[in-house]
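Structure, as structure tokens:
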Amino acid sequence: MKATWPYPQLIAHRLGGALAPENTLAGLALAARLGCRAVEFDVMLSSDGVPLVIHDETLERTTNGKGQVNLRTAAQLRQLDAGARHHPAFAGQRIPTFVEVLQACADLGILPNVEIKPASGFDVETAEAVVRVIADAWRGKTLPLVSSFSYRSLETVRDIAPHLPLALEVVQVPDDWREQLAALDCVGFHASAKDNSIDVLGKCRRHGLPMAIWTVNDWAEAEALYAAGIDAVFSDRPDLFPGI
Ligand code: G3P
Ligand code: MG
């Protein structure tokens with residue numbers, strides 16, 4: 001049977017949010033120190049098929065590299081600096097491998113929300129790699145929640161690893177959201193705070209599945225979402241959520 005919804009009300013976005021470089025082990029360490037019990041991060045493949053934790057399809061915004069992530073080998077990507085763009089104090093941070101992040105989450109007792117973030121055209125391969133690595137490397141008690149904007153990636157996970165809990169991600173809630181969640185056998189539904197009214201999100205929650213909403217960096221906004229029945233928010237500012 002699939003896991004029920006085990007998530008706390010706060011999920012640190014991109015491993016640690018905005019107080020450290022996104023999707024780095026330094027961010028994860030900070031999230032742990034702030035008391036976060038769950039983190040979200042993005043997984044993409046290198047050209048040689050290694051799943052790494054990075055958000056953009058290109059390297060410029062978060063690293064000292066240039067060009068497409070999926071045109072570089074893992075060895076090339078691992079030489080890049082993924083910390084100094086955020087602040088020189090974080091120089092030396094690397095793009096973490098998915099395996100490293102899963103192992104660190106298990107060691108810290110933190111629940112992972114693995115977002116499959118395929119480079120264009122790699123929806124199936126990225127999903128397959130995510131499933132493989134979870135099977136080989138995850139040692140935590142509760143299974144990681146696997147989410148994606150890619151319907152194709154989620155279909156792939158559903159078909160090859162039906163035990164893994166899935167969440168569909170959407171920017172704006174589509175008219176056929178219930179049909180999509182049912183077809184993918186999801187346990188959760190993630191949507192954007194900016195692109196949907198609290199009213200719409202609350203209605204979806206009342207008629208559907210547990211929902212996690214991104215990106216909420218303001219406590220009053222989080223309180224309004226929780227009051228509307230929303231189960232969790234992704235935040236870049238986990239320091240503003242004391243005690244959850
Ligand atoms: O999973 C929630 C959130 O991470 C989705 O947006 O672009 O930050 O991956 P993005
Ligand atoms: Mg993400």
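The values are calculated or read from the model by the stated rules, or taken from the named source; none is laboratory data. What you see is a predicted model; the values in this text were computed from it and never measured. We place every Cβ from the backbone using ideal geometry, glycine too, and count neighbours over all the protein chains shown. With ligands, DNA and RNA removed, areas are computed over all heavy atoms of the protein, side chains included. Shrake-Rupley method; radii C 1.70, N 1.55, O 1.52, S 1.80 Å.
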> Just going by the charge dipole of the range 1-92, with Lys and Arg at +1 and Asp and Glu at -1 on Cβ, which of Leu80, Thr58, Val39 is farthest out on the positive end?
Replying inline: Val39
> Which chymotrypsin sites (Phe, Trp or Tyr not before Pro) from the range 136-181 combine a DSSP loop assignment with at most 13 other Cβ atoms within 10 Å?
Replying inline: none
> Given +1 on the Cβ of Lys and Arg, -1 on the Cβ of Asp and Glu, and no further charges, what dipole in debye does the range 37-135 carry about its Cα centre, rounded to the nearest 20?
Replying inline: 300
>> At 0.890 mPa s and 25 °C, plugging the Kirkwood radius over alpha-carbon pairs of the chain into Stokes-Einstein gives what diffusion coefficient in µm²/s?
In response: 137
> To the nearest 20 debye, what charge dipole does the chain have about its Cα centre, counting +1 at the Cβ of each Lys and Arg and -1 at the Cβ of each Asp and Glu?
Replying inline: 500
> Mean Kyte-Doolittle of at least 1.0 and a Cα length of 30 Å or more along the axis: which whole DSSP H helices of the chain meet both?
Replying inline: none
> For the pair Lys66 and Ser192, how long in nm is the line joining their label points, each one 7 Å along Cα→Cβ?
Replying inline: 3.0
> Measuring from label point to label point, each 7 Å out along Cα→Cβ, what is the Arg132 to Arg78 span in nm?
Replying inline: 1.6
> What length, rounded to one decimal in nm, is gained on full extension from Trp5 through to Lys203, with 0.36 nm per residue of separation minus their alpha-carbon distance?
Replying inline: 69.4 nm
> With every protein chain left in place, what is the accessible area per residue of the chain in square angstrom, probe 1.4 Å?
Replying inline: 43
> Using mean Cβ contacts within 10 Å as the protection proxy, how do 214-220, 114-120 order, highest first?
Replying inline: 114-120, 214-220
>> If I stretch the segment between Gln172 and Ala224 completely, what's the gain in nm (0.36 nm per residue apart, minus their alpha carbon distance), one decimal?
In response: 16.9 nm
>> Which residue fluctuates most in the GNM of the chain (Cα springs below 10 Å): Pro144, Pro51, Pro88?
In response: Pro88
> If we count every other residue with Cβ under 9 angstrom of Ser148's Cβ, Lys/Arg +1 and Asp/Glu -1, where does the sum land?
Replying inline: -1
> Hey, what number do you get for the chain at 222 nm if only DSSP H runs of n ≥ 4 count, each worth -39500 (n - 2.57), divided across all residues, to the nearest 500?
Replying inline: -9000 deg cm²/dmol
>> Could you compute the net charge surrounding Asp239? Neighbours are other residues with a C-beta less than 14 Å from the C-beta of Asp239; K and R count +1, D and E count -1.
In response: 0
>> With a 1.4 Å probe and all protein chains left in place, how much of the accessible area of the chain comes from carbon and sulfur atoms, in whole percent?
In response: 51
